[in-house]
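*Asks:* Okay, handing you the structure first.
The values are calculated or read from the model by the stated rules, or taken from the named source; none is laboratory data. On a predicted model such as this, the values are computed, not experimentally measured, just so you know. Methodologically, a virtual Cβ is constructed for each residue, glycine included, from the backbone with ideal geometry; neighbour enumeration extends over all protein chains shown. For the accessible areas, the whole protein counts, side chains as well, though only heavy atoms, and no ligand, DNA or RNA atoms are used. Shrake-Rupley method; radii C 1.70, N 1.55, O 1.52, S 1.80 Å.
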Amino acid sequence: MSTDMSSSQAPSRPVAGVLWMVVTGVLFVAVTASVKLTGGRVPAPQAAFLRYALGLVFILPMIPAIRADHLGLRELKIFAMRGAGHTVGVMLWFYGMSTITIAEVTALNYMSPIYVTLGAVVFLGEKMALRRILAVAVAMVGAIIILRPGFRELEPGHWAMVGAALCLAGSYIVAKQLSGRVSAATLVAMLSVTVAIGLAPFAWAVWVPVSWNDLAILFLTAAFATCAHYSMGVAFKCAPVTVTQPVTFLQLIWAVALGYFMFDEGLDSWVILGGLVIIAAISFITWREAVVSRRKVTPVSGETKF
């Protein structure tokens, strides 16, 4: 959804846009928490596959939109390429969620829009003004504050989340290239199908018996993710991203609270500080792009998640 569309409808419903974005943040944290509830009983590739396979039921209403787009061989190849990269990112994301705190997962996820900004410069030939360069640098500082290399031992889950953010950012850039040719429903549906197919062999390689309880949890994960993207779309229609973007910082608050009260995770002030630094940088980039009326290439936090 373009910034222009959001902006044109924003003046009448800014409060609604903020409220819908609050709901979006709660739902995205619920996605992370629901996967963590499996307690590592299901290997990351298998858990990711089940989330997408069970979630295919939600794309059934999108079939008419896919048929209406009359996808050619070129589009199918691009979708396959996007699905392959997203598959790797999803496996890394599920692994990270099972090994590090919810707050760290949420904070490191905020880096995806920064990677998209850099990728747009490298692969799409976009120019980056000095203000954006400084904002990206500030966001990188925020990531360093969270990770604190040299001051503590970094776990594989931390590096997995860094890799996941990079892969998901690449997926988003490809999606932006396709957005002018196909509908949003086709983008979401084809991603779900290609990632489910891509995850299948990895899931088979590590397959373990799954309880009905874990299946129910992973189905909830798919439901939460679908609802989150729907509510985010409604938020964009109600208000411009310059209004809704700062609200994404609430995701970090929900994540910290949920991790503390539900999973007995300690409060890490460095993770909170680093997350806020990254959010401030993303909000500045979004605001600047709205001011100069440029095409939006930096997604809001969470927009790269599917």
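*Asks:* Can you work out the accessible area per residue across segment 29-178, with the rest of the protein chains kept in place, probe 1.4 Å, in square angstrom?
*Replies:* Working: 6350 Å² over 150 residues.
With all protein chains present, segment 29-178 gives 42 Å² per residue.
*Asks:* Another question, then. Peptides 60-68, 31-39, 75-83, 167-175: what's the order by average Cβ count within 10 Å, highest mean first? Kindly include the intermediate steps, with their values, before the conclusion.
*Replies:* Values: 60-68: 12.9, 31-39: 21.4, 75-83: 16.7, 167-175: 23.4.
Top to bottom by mean Cβ count within 10 Å: 167-175, 31-39, 75-83, 60-68.
*Asks:* What does the highest-first list of 131-144, 85-98 look like by mean Cβ count within 10 Å? It would help to have the intermediate numbers written out before the result.
*Replies:* On the way: 131-144: 17.6, 85-98: 24.9.
In descending order of packing, they fall as 85-98, 131-144.
*Asks:* If the chain between A184 and S211 were fully stretched, how many nm would it gain, using 0.36 nm times the residue separation less the Cα-Cα distance?
*Replies:* Numbers: separation 27, 0.36 × 27 = 9.72 nm, distance 3.42 nm.
Answer, rounded to one decimal: 6.3 nm.
*Asks:* Sticking with this structure for a sec: Over segment 22-150, what percent of the accessible surface lies on carbon and sulfur atoms, probe 1.4 Å?
*Replies:* On the way: 3930 of 5350 Å².
On segment 22-150, the fraction of accessible area on carbon and sulfur atoms equals 73 percent.
*Asks:* Looking at segment 81-171, what % of the alpha carbon pairs are farther apart than 20 Å?
*Replies:* Numbers: 1562 of 4095 pairs.
The proportion of pairs with Cα distances above 20 Å equals 38 percent.
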